[in-house]
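Here it is: the structure, laid out below.
The values are calculated or read from the model by the stated rules, or taken from the named source; none is laboratory data. Worth saying up front: this structure is predicted, and the values here are computed from it rather than measured. Ideal geometry is used to build each Cβ from the backbone, glycine not excepted, and the neighbour counts take in all protein chains shown.
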Amino acid sequence: MNPINQAENKPLFDRGPSLGTRMVLLAFLSVCLIYLDYQQGHLQTVRRALSVAVYPIRVLVDMPSATFGWARERLAERDRLVTENRELRLESLRQQARLQQLIALEVENARLRSLMESPARLANRVQVAEILAVDLDPYRHRIALNRGEQAGVYEGQALLDADGIVGQVIRVNPLGAEAILISDPSHATPVELSRNGLRTVALGVGDVTRMDLPFLPNSADIQVGDLLTSSGLGDAFPAGYPVARVTRVERRPGEPFAHVEAEPTAALNRTRQVLLVWKGGEQVALP
């Protein structure tokens, strides 16, 4: 055989030990390392160094999962806070509504007590009536009541509140009635000054805060602040109930009558209950 051909077929590097031999050597080396580490802990330092080197990789690998969990917890907590906040707002609104209702009931209770205490001293029969509706026409001061013929209401019956005369009934049906206020332009109330007994007539002018006394001469003894009470004349209202208080007295030289204005003592545009008053000296009848 040609020596040149043998040289050409010879591999450049020797292959070394076979694969089986390598596996045996690696297995033996592993067993030795395990034994040395178990007995004397020589690889502890290496393990620590490797754990330090691997830690950033573990953090990077775990970061998406940790971020997702944190975001999910924050969103869940936010939803819970939003829900609690909404429920607290609703509960606050409910409590405020109840508080307003309690305040309204307290005011109504005080008003009813004052209504019942005011006429009781006069020993007339009275009954509380609710105002159901108010005439929207500014020139017609009329109200609808929830008491009628079945309750004994009659035409011409006087209406009061805790502070004075409100008006009188002008129409009655079985279950309700219609009343005219003393501020109506077509209504006139016989009054007298409580200070000196001077009698006159108070006319409504279509304003719940003002009445006119057009028939007083310039020489009449009347002053701002004088109280006008019902005189009982004309059999329209029981005598002695407050009607209005004088707010303006203007004497006009050369004219026969003074210009006198008064403000009704009753809360004509604020009251919700009125007292129906029967004539005569009957005992007080609670509703």
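State whether the residues of region 242-249 include one that is small (Gly, Ala, Ser) and assigned to a helix (DSSP H, G or I).
No, region 242-249 contains no residue that is small (Gly, Ala, Ser) and assigned to a helix (DSSP H, G or I).
I've got another one for you. Being more than 16 Å from residue 166 (Cβ to Cβ), assigned to a loop (DSSP other than H, G, I, E, B) and modelled with pLDDT under 90: is that true of residue 270 here?
Judged against the criteria, residue 270 is not a match.
Given the criterion closer than 30 Å to residue 153 by Cβ, touching a residue at least 60 places away in the same chain (Cβ under 8 Å) and touching a strand residue (DSSP E or B) at 6+ places or on another chain (Cβ under 9 Å), identify the matching residue among 233, 227, 203, 181.
Result of the check over 233, 227, 203, 181: 181.
I need the full set of residues from region 137-159 which are within 14 Å of residue 183 (Cα to Cα) and either free of Cβ contacts under 8 Å to residues at least 24 places away in the same chain or not assigned by TED's automatic domain parsing to the domain that holds residue 265 (or both), in order please.
137
Taking into account only those residues within region 215-244 that are among the charged types (D, E, K, R) and surrounded by fewer than 17 Cβ atoms within 10 Å (Cβ to Cβ), which is farthest from the chain's Cα centre (by Cα)?
221
To continue, here is another question. Name every residue in region 160-175 that is β-branched (Val, Ile, Thr) and touching a residue at least 60 places away in the same chain (Cβ under 8 Å), in order of residue number.
Our first condition is that a residue be β-branched (Val, Ile, Thr); within region 160-175, this holds for 165-166, 169-170, 172.
Once the filter is applied, which keeps residues that are β-branched (Val, Ile, Thr) and touching a residue at least 60 places away in the same chain (Cβ under 8 Å), region 160-175 yields 165, 166, 169.
Here is a follow-up. Has region 170-179 got at least one residue that is among the polar types (S, T, N, Q) and exposed (fewer than 14 other Cβ atoms within 10 Å of the Cβ)?
Yes, because at least one residue in region 170-179 is among the polar types (S, T, N, Q) and exposed (fewer than 14 other Cβ atoms within 10 Å of the Cβ).
Within region 151-174, can you find the residues that are assigned to a loop (DSSP other than H, G, I, E, B), at pLDDT 90 or above and touching an Asp or Glu at 6+ places or on another chain (Cβ under 9 Å)?
Those that are assigned to a loop (DSSP other than H, G, I, E, B), at pLDDT 90 or above and touching an Asp or Glu at 6+ places or on another chain (Cβ under 9 Å): 156, 173, 174.
Being more than 44 Å from the chain's Cα centre (by Cα) and either polar (S, T, N, Q) or in a loop (DSSP other than H, G, I, E, B) (or both) is the filter here; which residues of region 250-265 pass it?
Hits for region 250-265 are 251, 252, 253, 254, 255, 256, 258.
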